[in-house]
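Trainee: Okay, handing you the structure first.
The values are calculated or read from the model by the stated rules, or taken from the named source; none is laboratory data. Values in this document were obtained by computation on a predicted structure and should not be read as measured data. Here the Cβ positions follow ideal geometry from the backbone for every residue, glycine too, while neighbour counts run over all protein chains shown.
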Amino acid sequence: MTAPVKIRLAAPRGFCAGVDRAIRIVELSLERFGAPVYVRHEIVHNRFVVERLERLGAVFVDELDEVPEGARVIFSAHGVPKSVPAEAERRELFYLDATCPLVSKVHVEAARHHDRGLEIVLIGHAGHPEVIGTMGQLPDGAVSLVETVEDVAVFSPRDPALLAYITQTTLSVDDTTGIVAALKARFPGIVGPHKEDICYATTNRQLAVKEIAKGCDAVLVIGAPNSSNSMRLVEVAEREGCPYAALVQRADDIAWEHVSGARVVGVTAGASAPEVLVEEVIEAFRARGPVEIEEVRVEDEDIEFKLPRALTV
């Protein structure tokens with residue numbers, strides 16, 4: 001008999017409270033107002049989730065000029081520049097903001113630093129919707145983006161004594177620690193957040209992957225290629241010495257030539273990936289032979305975020 005493949009299942013994994021809230025906002029809006037409801041950008045970075053919501057009647061658009069007069073529109077969990085709700089109000093569109101409260105916390109921090117006259121350094125990835133939304137909270141030039149330690153070395157502030165830093169919420173904890181250390185070494189007076197900006201879900205999922213990766217022949221991360229937190233999980237597994245780590249969107253994406261000889265396989269999911277896709281991957285392994293499941297839990301999560309009043313009254 002073929003020896004079973006042991007699947008080490010990372011926990012926590014999958015949906016975080018911010019993603020769950022954003023999806024519920026779309027679902028409840030469709031129930032309350034009927035289709036169509038427009039959503040600016042992917043509500044979360046997962047095609048499986050987006051396509052299910054499309055089937056329910058959500059219409060995803062890139063910009064507000066694609067939203068008809070009098071329609072209802074939802075802003076994605078990643079946050080938007082201030083110009084977006086301002087434009088919605090100018091057009092008298094009914095809108096709901098599904099921005100994750102932990103991203104909104106970073107927006108508030110940025111505004112407070114700016115009000116104190118500080119120049120702000122944002123640690124993040126250029127072009128990511130969350131970074132665009134955060135930088136768009138303040139006037140042009142108020143926020144400078146750094147992505148690497150090398151960027152810190154060439155950063156030239158207006159006044160080194162008047163600096164603060166904030167971070168994207170979905171970064172690699174280890175990489176960000178190095179960038180923050182470089183900032184503090186160059187600018188000892190730089191002001192940081194009262195509480196770490198990288199969100200609890202990102203941190204917990206990275207810790208869980210660290211826990212499973214060293215004992216695995218391969219690690220599969222279920223998520224989308226445009227999902228920052230999912231891509232960071234692949235990097236964490238590689239950094240921990242796992243011989244093969246890969247991102248897969250669905251079970252069909254598994255490169256069996258890389259995992260067919262593996263005896264221990266780690267499986268996790270980014271914060272935008274539903275549990276049904278984890279089950280799909282496990283079933284794909286079961287279809288090829290016996291499977292033994294071991295869940296490796298590093299933290300329990302019980303956080304819930306409130307829904308907008310417009311959906312609860």
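Trainee: Would you mention how many residues in segment 68-95 are buried (at least 21 other Cβ atoms within 10 Å of the Cβ) and either among the aromatic types (Phe, Trp, Tyr) or in a strand (DSSP E or B) (or both)?
Mentor: Summing the residues that are buried (at least 21 other Cβ atoms within 10 Å of the Cβ) and either among the aromatic types (Phe, Trp, Tyr) or in a strand (DSSP E or B) (or both) in segment 68-95 gives 4.
Trainee: Ok, one more. Could you count how many residues in segment 197-223 are within 30 Å of Glu294 (Cβ to Cβ), within 17 Å of the chain's Cα centre (by Cα) and outside any helix (DSSP H, G or I)?
Mentor: Looking only at that region, the number is 5.
Trainee: Can you go through Gly178, Gly133 and tell me which one is within 30 Å of Glu42 (Cα to Cα), small (Gly, Ala, Ser) and part of a helix (DSSP H, G or I)?
Mentor: Going through Gly178, Gly133 in turn, the sole match is Gly133.
Trainee: Based on this model, can you work out whether Ala161 counts as in a helix (DSSP H, G or I), touching a Phe, Trp or Tyr at 6+ places or on another chain (Cβ under 9 Å) and either assigned by TED's automatic domain parsing to the domain that holds Asn226 or without any contact (Cβ under 8 Å) to a residue 60 or more places away in the chain (or both)? I'd like the intermediate steps shown before the answer.
Mentor: Details: in a helix (DSSP H, G or I): no; touching a Phe, Trp or Tyr at 6+ places or on another chain (Cβ under 9 Å): yes; either assigned by TED's automatic domain parsing to the domain that holds Asn226 or without any contact (Cβ under 8 Å) to a residue 60 or more places away in the chain (or both): yes.
Taking the combined requirement at face value, the residue does not satisfy it.
Okay, residues lined up against (1) over 30 Å from Pro243 (Cα atoms); (2) touching an Asp or Glu at 6+ places or on another chain (Cβ under 8 Å); (3) surrounded by fewer than 20 Cβ atoms within 10 Å (Cβ to Cβ):
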{"residue": "Pro157", "(1), (2), (3)": "yes, yes, yes"}
{"residue": "Lys195", "(1), (2), (3)": "yes, no, yes"}
{"residue": "Arg205", "(1), (2), (3)": "no, no, no"}
{"residue": "Ala208", "(1), (2), (3)": "no, yes, no"}
{"residue": "Ala213", "(1), (2), (3)": "no, yes, no"}
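Trainee: A further question on this structure: Between Arg32, Arg13, Arg40, Arg24, which is more than 14 Å from the chain's Cα centre (by Cα), buried (at least 19 other Cβ atoms within 10 Å of the Cβ) and among the charged types (D, E, K, R)?
Mentor: Details: Arg32 fails: buried (at least 19 other Cβ atoms within 10 Å of the Cβ); Arg13 fails: more than 14 Å from the chain's Cα centre (by Cα); Arg24 fails: buried (at least 19 other Cβ atoms within 10 Å of the Cβ).
Of Arg32, Arg13, Arg40, Arg24, the one residue that is more than 14 Å from the chain's Cα centre (by Cα), buried (at least 19 other Cβ atoms within 10 Å of the Cβ) and among the charged types (D, E, K, R) is Arg40.
Trainee: Scanning segment 159-178 for residues that are of a type in the set (D, E, K, R) and within 19 Å of the chain's Cα centre (by Cα), which turns out surrounded by the fewest Cβ atoms within 10 Å (Cβ to Cβ)?
Mentor: Ranking the candidates gives Asp174 first.
Trainee: Among the candidates Gly141, Gly133, Gly117, Gly189, single out the residue that is under 30 Å from Asp62 (Cβ atoms) and modelled with pLDDT of 95 or more.
Mentor: On the way: Gly141 fails: modelled with pLDDT of 95 or more; Gly117 fails: under 30 Å from Asp62 (Cβ atoms); Gly189 fails: under 30 Å from Asp62 (Cβ atoms).
Every option except Gly133 fails the conditions.
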